[in-house]
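The values are calculated or read from the model by the stated rules, or taken from the named source; none is laboratory data. Just so it is clear, the structure is predicted and the values come from calculations on it, not from any experiment. Every residue, glycine among them, receives a Cβ derived from its backbone with ideal geometry; neighbour counts consider all protein chains shown.
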Amino acid sequence: MLEAFRAATAHLAPGSRVCVAMSGGVDSSVTAVLMQRLGFDVVGVTMRLFDLPPADKAIADAERVAAQLGIPHRVLDHVEAFRREVMEPFAAGYKAGETPLPCAVCNRKIKFGEMAKGAADWGADALATGHYVRRVPGAGGPEVRRARDPKRDQSYFLFQLTREQLAGAVFPLGDIVDKAETRRLAQEFGLPVAAKADSQDICFVPGGDYAKVVRGLDAEAARPGEIVDLAGKVLGRHEGIVGYTVGQRRGLGISSAEPLYVIRLDAAANRVVVGPASALEGMSLRIADVNWLGEGSFDGAAVMVKLRSASRAVPATLADLGGGEAEVRLAQAFSAIAPGQACVFYDDDRMLGGGWIRA
């Protein structure tokens with residue numbers, strides 16, 4: 001059974017120390033067992049990122065698993081860093097009319113940033129996580145490949161990782177063919193979290209009410225304003241643009257003879273602009289903070305891009321605008337391109353990086 005997971009750890013020396021990011025869930029717990037059974041010196045690490053009951057539950061569950069495995073378990077307090085690097089930019093993004101992607105920010109700055117530093121301080125050679133993605137050797141260094149299970153693939157959320165961060169990363173679950181196999185392994189290993197439900201929410205947004213969290217971080221985010229059509233005609237009122245996302249149809253609170261969708265969020269005027277579905281179609285976009293993991297320059301590269309984590313990939317051509325910005329020219333129209341989300345590049349199953357959608 002273990003042979004199927006050895007490829008993911010081929011870049012590590014036998015018996016080397018590996019820190020495993022343990023969230024208290026099934027995926028990270030199975031990762032800890034696999035790394036231990038593959039013969040590595042495992043240390044479990046859990047981050048305290050916010051002061052809410054879910055954080056205490058996650059730490060307690062991780063401690064139970066670590067105790068059962070007989071491995072050291074440490075808790076890193078990154079509440080301040082998480083608030084500064086993830087939560088506050090999350091609120092600022094919504095206030096600016098964007099649809100933020102905090103998990104991608106957390107992966108680069110907190111998980112493979114602050115946590116990886118802690119792992120290195122403890123003499124660890126690598127940081128293993130429960131992400132469903134594959135890390136394979138390439139001519140220019142480690143490459144990120146999509147997971148075997150396309151429904152679980154999480155490469156979209158790792159587009160910001162640098163080559164240096166990937167050098168010390170381990171993703172043993174990338175070769176699992178479906179989540180049912182992870183559950184089966186958890187039961188086989190007798191893990192106390194084997195039946196624990198997967199979280200469907202952003203970790204610091206229990207219950208999925210992100211607008212409430214944003215208002216708690218920034219009271220001005222709840223400033224009421226107008227809902228207007230494409231011509232600027234006032235159709236209704238809103239209680240803060242943070243309650244809306246591009247492409248949204250339901251919950252607009254206005255009546256119309258034809259279906260209306262959120263076309264854009266005008267933060268400067270504090271307006272929600274609505275219109276027909278056809279107005280959502282776009283053929284190009286501008287992205288910033290491009291992280292390129294391919295060979296050579298990305299200028300003129302023909303790639304497949306994903307503009308939402310669950311969206312289909314579409315063919316596109318990249319044009320370097322300088323200063324870390326690029327224009328992405330799509331070969332076919334895409335609906336509801338949302339500033340704040342990520343545009344992630346692919347060549348077949350290889351993830352080539354990406355950038356933040358700005359316009």
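Key figures
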item	result
Count of region 290-306 residues which are under 21 Å from Phe334 (Cβ atoms), exposed (fewer than 14 other Cβ atoms within 10 Å of the Cβ) and not aliphatic (A, V, I, L, M)	1
Residue among Arg74, Arg145 that alone is in contact with a Gly (Cβ under 8 Å, 6 or more places away or on another chain) and surrounded by fewer than 18 Cβ atoms within 10 Å (Cβ to Cβ)	Arg74
Every pair of residues 6+ apart whose Cβ atoms lie under 6 Å, when the first sits in region 63-76 and is under 13 Å from Trp122 (Cα atoms) while the second is among the small types (Gly, Ala, Ser)	His73/Gly44; His73/Ala66; Leu76/Gly118
Residues located in region 249-297, provided they are of a type in the set (Ser, Thr, Tyr) and either modelled with pLDDT under 95 or outside any helix (DSSP H, G or I) (or both)	Ser255, Ser256, Tyr261, Ser284, Ser297
Enumerated helices (runs of 4 or more DSSP H) restricted to region 1-92, each holding at least 2 residues that are of a type in the set (Asp, Glu)	53-69
Among (1) surrounded by fewer than 18 Cβ atoms within 10 Å (Cβ to Cβ); (2) within 24 Å of Arg308 (Cβ to Cβ); (3) at pLDDT below 95 - the single one Ala139 does not satisfy	(2)
Residue that is at positive phi, small (Gly, Ala, Ser) and in contact with a Pro (Cβ under 8 Å, 6 or more places away or on another chain), where the choices are Gly207, Gly240, Gly190	Gly240
Filtered residue count, region 188-206, keeping only those that are out of contact with any helix residue (DSSP H, G or I) (no Cβ under 7 Å at 6 or more places or on another chain) and free of Cβ contacts under 8 Å to residues at least 40 places away in the same chain	4
Per-region count, region 154-185, residues in contact with a Gly (Cβ under 6 Å, 6 or more places away or on another chain) and in a helix (DSSP H, G or I)	2
Test: residue in region 214-235 that is among the basic types (Lys, Arg) and touching a residue at least 60 places away in the same chain (Cβ under 8 Å)	no
Filter pass, Asp209 being at pLDDT below 95, in contact with a helix residue (DSSP H, G or I) (Cβ under 6 Å, 6 or more places away or on another chain) and loosely packed, with under 15 Cβ neighbours inside 10 Å	no
Residue within region 153-163 that is hydrophobic (A, V, I, L, M, F, W, C), crowded, with 20+ Cβ neighbours inside 10 Å, in contact with a Cys (Cβ under 7 Å, 6 or more places away or on another chain) and under 23 Å from Val246 (Cβ atoms) present	yes
Some residue of region 247-258 being under 19 Å from Gln341 (Cα atoms), surrounded by 15 or more Cβ atoms within 10 Å (Cβ to Cβ) and not aromatic (Phe, Trp, Tyr)	yes
Failed condition for Leu318, given (1) touching a Leu at 6+ places or on another chain (Cβ under 9 Å); (2) over 28 Å from Ala91 (Cα atoms)	(1)
Subset of region 172-204 (residues that are of a type in the set (A, V, I, L, M, F, W, C), over 28 Å from Leu52 (Cα atoms) and buried (at least 18 other Cβ atoms within 10 Å of the Cβ))	Leu173, Ile176, Leu185, Phe189
Any pair with Cβ under 8 angstrom, 6 or more apart, that starts in region 44-58 at a residue that is polar (S, T, N, Q) and ends at one that is modelled with pLDDT of 90 or more and part of a strand (DSSP E or B)	Thr46/Ala21; Thr46/His73; Thr46/Arg74; Thr46/Val75; Thr46/Leu76
Identity of the residue in region 41-65, in contact with a Pro (Cβ under 6 Å, 6 or more places away or on another chain) and modelled with pLDDT of 95 or more, that ends up surrounded by the most Cβ atoms within 10 Å (Cβ to Cβ)	Val43
Count of region 158-187 residues which are farther than 23 Å from Asp125 by Cα and touching a residue at least 24 places away in the same chain (Cβ under 8 Å)	8
From Val246, Val242, Val214, residue being within 15 Å of Glu98 (Cβ to Cβ), part of a loop (DSSP other than H, G, I, E, B) and not assigned by TED's automatic domain parsing to the domain that holds Ile337	Val246
